[in-house]
Amino acid sequence: MSQTFAVRYLRLGDDQVSEERLQAETEAGLRQQLTAQGFTVLSVRGTTAPTFSRPRKPQRGRFALFCREVSTLIQAGMTVVEAVDTLSARERLAGQADSLAAQLLGELEQGTALSQALQRLPDAPAVLVAAVRAGERTSDLAQALADYLRFDTLVEQLRRKVVSAAIYPALVTALGVGISLFLLLVVMPNFARMYTNLRGGGASGATSWMIGLAQWVSANQAATLTAVALALLALAWWIWSGFARRHLLTLALQVPWVRVRVEDFQLAMLYQALALMLKGGYPMTEALQVASRSALDARLTVALQQALQRIEQGGAVAQALADARLCDEVGRRLMAAAERNGDFHLAADVVSRLHREHFELFVERLTRIVEPVLLMAVALMVGGIVVMMYLPVFDMATRLR
């Protein structure tokens, strides 16, 4: 089971210590992973998260908005400090004293670089920090921020597709379960009493089982309603705490063809981050280290470390990525062509687009399959209950004749 650790480490080429909270199964495993990525680990301290509190998520939206506004102000002729001061003044007048701009302004006024100031924020995306650092190297911060915004837009578009595809099935499932609970808790007990009084005997088959269940619910109504309420509260907490997303993702990854498509999503982010780093002037090894922090699962992280080791030993980039199963044959040939002409960032951008298209096609096809299947399942569930309710009515009508 993964734990949360507070880590202090030093990245190669930096003169500032980074502090961050990372997830890992063991402290030794986390130290080994960071060391393999070229970081100097200073301290690792386990933290205990509150059991009933929702894990804090990085607020990606505020960083994207900040980058968009700063880029606009820089293009209008302001310096970085003036742009951040302008945003801080506006937010201070709006009553937002603890805004992102206000947190950065104090350090910028002391001469700290924007990349270092961002790096000290606990939830700053690593790709953003690296992009800003690249912009400071090339003296084109506005372009670096624009490149990061394209990366952020790609990630948000893919996530939005997943959320949009999940909304309709969730509503259909909730509606079906709600109707079934209403029939079982309200309608069936009354129907069971009426049927018993009129017929004076028991039914047979599935109808007998449903009537017996309805009578038990009627006799234990308080306990049943309490159990249903507790189940709904547990379900709400499971979703709100974030465990639902992790558990469902773990379950989905057990299906091979789903795992391949999820890897397409992760590889799209990986190659887009790699294109951003390479365009900013990072060497391939350092770009891969930064890109590896773009939400990869355990298999892809290990595979990327293996590819990185081969590249550091002088191996070809395209072959190392292909042997680690981080790209298909088309991606391998694109990266091999980039090794000849030097346009690695263009090749990485194309590979990212290919994986993104594969994932989007998968989401679209899965949605078209799941929606009618769920509708049929809900219709069968509700319809089965209704049919079992009305079968005794037909039986009583036959006896009255």
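Taking R0 as 45 Å, what's the FRET efficiency between L232 and A146 from their Cβ-Cβ distance, rounded to 0.05?
Working: r = 46 Å, r/R0 = 1.01.
The formula returns an efficiency of 0.50 here.
Here the calculated FRET efficiency for E371 and A298, from their Cβ-Cβ distance with R0 = 22 Å, stands at 0.10, rounded to the nearest 0.05.
Rounded to the nearest Hz, the phi-derived 3J(HN,Hα) couplings of the range 346-360 under the Karplus curve 6.51 cos²θ - 1.76 cosθ + 1.60 (θ = phi - 60°) are 5, 5, 5, 5, 5, 4, 4, 5, 5, 5, 5, 5, 4, 5, 5, where x marks glycine and proline. Using a/c under 1.5 as the rounded threshold, could you call the range 60-154 rounded, prolate or oblate? The axes a ≥ b ≥ c are square roots of the C-alpha gyration tensor eigenvalues, and prolate needs a/b larger than b/c, oblate otherwise. Note, shape of the range 60-154 comes out rounded. In order along the range 154-169, phi translates into HN-Hα couplings of 4, 4, 5, 5, 5, 5, 5, 5, 5, 5, 4, 5, 8, 5, 4, x Hz, rounded to whole numbers, per the Karplus curve 6.51 cos²θ - 1.76 cosθ + 1.60 with θ = phi - 60° and x for Gly and Pro. Each label point was placed 7 Å from the Cα along the Cα-to-Cβ direction; for I179 and Q3 their separation is 4.9 nm. Stretched out straight at 0.36 nm per residue, the stretch from V163 to T250 would grow longer than its current Cα-Cα span by 29.6 nm.
Values quoted throughout were computed directly from the atomic coordinates according to the rules given, and no laboratory measurement underlies them. In this text the structure is predicted, and so the values were computed from the model without any measurement. We place every Cβ from the backbone using ideal geometry, glycine too, and count neighbours over all the protein chains shown.
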